[in-house]
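The values are calculated or read from the model by the stated rules, or taken from the named source; none is laboratory data. These figures come from a predicted structure and were not determined experimentally. Glycine gets a Cβ as well: all are built from the backbone with ideal geometry, and neighbour counts include every protein chain shown. Calculation scope for accessible area: heavy atoms of the full protein, side chains included, ligands and nucleic acids excluded. Shrake-Rupley method; radii C 1.70, N 1.55, O 1.52, S 1.80 Å.
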Amino acid sequence: MKLTVFKKLGSLLLISLALSACKPSDEKSENKLIIGASSTPHAEILEFVKPQLEKEGLELDIRIFNDYIIPNQALAEKELDANFFQHVPYLNKTLADHPDWKLISAGAVHMHPYRFFSQKYKSLQDLPNGAKMISSNNLAQHGHILKLFQDEGLIKLRDGIDPDDSTIDDIVENPRNIKFLFTYDGPLLPQIYKNGEADVASIDGHFAINAGLDLSKEVIYTEPAANSKFANVVVIREEDKNDPRIAKLMAQLKAPETKKFILDTFKGEAVPVP
C-alpha cells in the first residue's frame with residue numbers, strides 16, 4: 001500500500017495523535033515518552049512499568065493501536081517516540097517496503113510461543129486429508145508456521161532455505177493435502193475461527209485473548225521452546241538510539257520484577273526473554 005492509503009486506513013486510530021496537533025519538536029520532551037502499543041500484552045506491560053518510570057522522572061504516554069501498519073508509520077513520522085507490538089522479522093519486511101523509515105530495535109522484551117487452535121481435532125496429527133489451516137496475511141509469520149508443520153512431520157519444505165523464511169511455494173511434500181490459507185486480517189481470525197471456517201488456525205495470542213478463546217481447551221499445539229528470533233521488541237527511530245528516555249524504558253522492561261509480572265499475568269502466553 002501507498003502511504004496515502006495507510007493514512008486513510010489509520011485516520012481513526014491516529015485521531016488521538018492528531019488532536020495534539022504538535023510538531024515533532026514540540027512533542028519531544030526529556031520528561032515524556034510517547035509509545036504506541038497493541039493492547040494485550042504490550043500495553044499492559046507498559047502500564048506495569050509506568051509508575052516506576054514516573055519515579056525516575058519520565059512520563060510514559062501509552063497510545064493503543066489495533067493494527068500492524070499504523071504504529072510504524074506514526075513512529076517514522078515522529079508522531080510517536082517508540083512502538084511496542086512487533087518482532088524483528090516483521091520490522092524487516094516493513095522496512096524493505098519503506099526504506100526511508102529509519103527504524104531499529106531498541107531491544108527484545110518477550111516472545112509469544114506459536115499456538116494452533118482447533119474446535120474439531122485434539123492434535124495436529126489428527127488433521128484429515130484436505131484440512132484447512134488458516135492464518136493472518138502477516139507474511140513474517142508464514143515461514144515459521146510452515147516450519148512448525150514440518151517439525152511435526154506433516155509437510156516437507158525444499159532443502160537449501162531457512163524454513164522460517166519459507167513460503168507455500170517451498171512445500172515439496174504435503175501428503176495430507178493441507179490447505180494453507182494465509183489470507184485473513186489478524187483481528188478477524190478469531191471470529192472466522194469461531195464460525196467453523198477452518199480445521200486449524202494460527203491466531204496471535206492477544207487477538208485470541210481479546211476474543212475470549214479458551215487457551216486451555218482449544219489449543220491443540222504450543223510451540224515447545226522459546227524462539228528469540230520472534231521476540232517482541234521496542235522499536236525506535238535510528239536517530240534516537242542513544243536517547244536516555246529509551247534507556248530508562250528498556251531497563252524497566254528487562255527488570256526482574258517486570259519479567260515476573262509477565263510470567264504471572266500471562267500464564268505462558270507471553271514469555272520474557274533475556
(message) So R115 ticks every box in (1) in contact with a Ser or Thr (Cβ under 7 Å, 6 or more places away or on another chain); (2) among the basic types (K, R); (3) over 30 Å from A251 (Cα atoms) but one. Which box is left unticked?
(response) (3)
(request) Under 8 Å between Cβ atoms, at least 6 apart or on separate chains: pull out the pairs that start in the stretch 155-176 with a residue that is closer than 21 Å to F230 by Cβ and end on any residue that is among the polar types (S, T, N, Q). (result) I155/N174; L157/Q150; L157/S166; P163/Q150
(request) Identify the single condition in (1) without any contact (Cβ under 8 Å) to a residue 12 or more places away in the chain; (2) open to solvent by less than 10 Å² (accessible area, probe 1.4 Å); (3) not basic (K, R) that G143 does not satisfy, given that it satisfies every other one. (result) (1)
(message) Tell me whether the stretch 111-125 contains one or more residues that are open to solvent by less than 40 Å² (accessible area, probe 1.4 Å) and under 30 Å from K32 (Cα atoms).
(response) yes
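Residues are listed down the side, and each one gets a yes or a no for (1) under 24 Å from S39 (Cβ atoms); (2) out of contact with any helix residue (DSSP H, G or I) (no Cβ under 8 Å at 6 or more places or on another chain); (3) among the hydroxyl-bearing types (S, T, Y):
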site: I134; (1), (2), (3): yes, no, no
site: I145; (1), (2), (3): yes, yes, no
site: F182; (1), (2), (3): yes, no, no
site: Y193; (1), (2), (3): yes, yes, yes
(request) Being of a type outside the set (A, V, I, L, M) and part of a helix (DSSP H, G or I) is the filter; apply it to the stretch 149-170 and report the residue that is nearest to V200 (Cα to Cα). (result) F149
(message) Show me the strands (runs of 3 or more DSSP E) found entirely inside the stretch 94-148 where at least 3 residues are hydrophobic (A, V, I, L, M, F, W, C) and closer than 22 Å to I246 by Cβ.
(response) 103-111
(request) State which residue is farthest from A131 (Cα to Cα) when the search covers only the stretch 152-170 and only residues that are at pLDDT 95 or above and open to solvent by 70 Å² or more (accessible area, probe 1.4 Å). (result) G160
(request) Restricting attention to the stretch 92-102, report how many residues are within 16 Å of the chain's Cα centre (by Cα) and farther than 20 Å from P163 by Cβ. (result) 2
(message) Given the condition free of Cβ contacts under 8 Å to residues at least 60 places away in the same chain and more than 20 Å from the chain's Cα centre (by Cα), answer yes or no: does some residue in the stretch 206-215 qualify?
(response) no
(request) Look through the stretch 48-67, keep the residues that are open to solvent by 10 Å² or more (accessible area, probe 1.4 Å) and within 18 Å of the chain's Cα centre (by Cα), and return whichever of them is nearest to H87 (Cα to Cα). (result) D67
